[in-house]
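**Q** Take this structure, written in structure tokens, and hold onto it; I'll ask about it next.
Every number in this text was worked out from the coordinates using simple rules, so none of it is lab data. On a predicted model such as this, the values are computed, not experimentally measured, just so you know. Using ideal geometry, Cβ is built from the backbone for each residue, glycine included, and neighbour counts are taken over all protein chains shown.
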Amino acid sequence: MSIVDRQRAAQVVTSKGKIYSFDAVECMLNYDRNYDKTPVALFLCNSFDNPGVLADATEGIYLISDNLPSPMGAFLTPFRDAAEARRIQGQKDGELYNWLSLKEHFDMEIKNSR
């Protein structure tokens, strides 16, 4: 897959070294939840504040704001820097999440949609 949005792209690296690329973090979360059960070695993503550079997604902070569109429609934007995430939240509103709370949020959305 070619990556279109260099501020929100994501990758999974399995324990066997296979790399899966995604246009958005939510696609990576859906992949991890639904498709491959090969153990994941790394979750990586770009960030709004440092586009084009992959970093450990488990250490990021995430903003979901209806005022900040994302490629796959979840309005999810990853950040490396918490202060920058809070600054953008002040401009765009929305909710901030760490990796674990983001996964819980998406799990709840799936359960509520059934």
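**Q** Among what's in region 8-39 and is of a type in the set (S, T, N, Q) and in a strand (DSSP E or B), pick the residue that is nearest to residue 101 (Cα to Cα).
**A** Of all residues in region 8-39, those of a type in the set (S, T, N, Q) come to 11, 14-15, 21, 30, 34, 38.
Going one step further and asking which of them are in a strand (DSSP E or B), we end up with 11, 14, 21.
On the way: 11: 19, 14: 22, 21: 22 Å.
Residue satisfying both the conditions and the ranking: 11.
**Q** Now for a different question. If you go through region 46-66 one residue at a time, how many are surrounded by fewer than 12 Cβ atoms within 10 Å (Cβ to Cβ) and part of a helix (DSSP H, G or I)?
**A** 1
**Q** Now a separate question. Go through region 44-54 and give me each residue that's under 11 Å from the mean Cα position of the chain (by Cα) and without any contact (Cβ under 8 Å) to a residue 40 or more places away in the chain. So that I can check it myself, show each step before the final result.
**A** Step one: list which residues in region 44-54 are under 11 Å from the mean Cα position of the chain (by Cα), which gives 44-48.
Across region 44-54, the qualifying residues are 44, 45.
**Q** In region 77-98, which residues are touching a strand residue (DSSP E or B) at 6+ places or on another chain (Cβ under 6 Å), surrounded by fewer than 20 Cβ atoms within 10 Å (Cβ to Cβ) and within 14 Å of residue 46 (Cα to Cα)?
**A** The one that is touching a strand residue (DSSP E or B) at 6+ places or on another chain (Cβ under 6 Å), surrounded by fewer than 20 Cβ atoms within 10 Å (Cβ to Cβ) and within 14 Å of residue 46 (Cα to Cα): 80.
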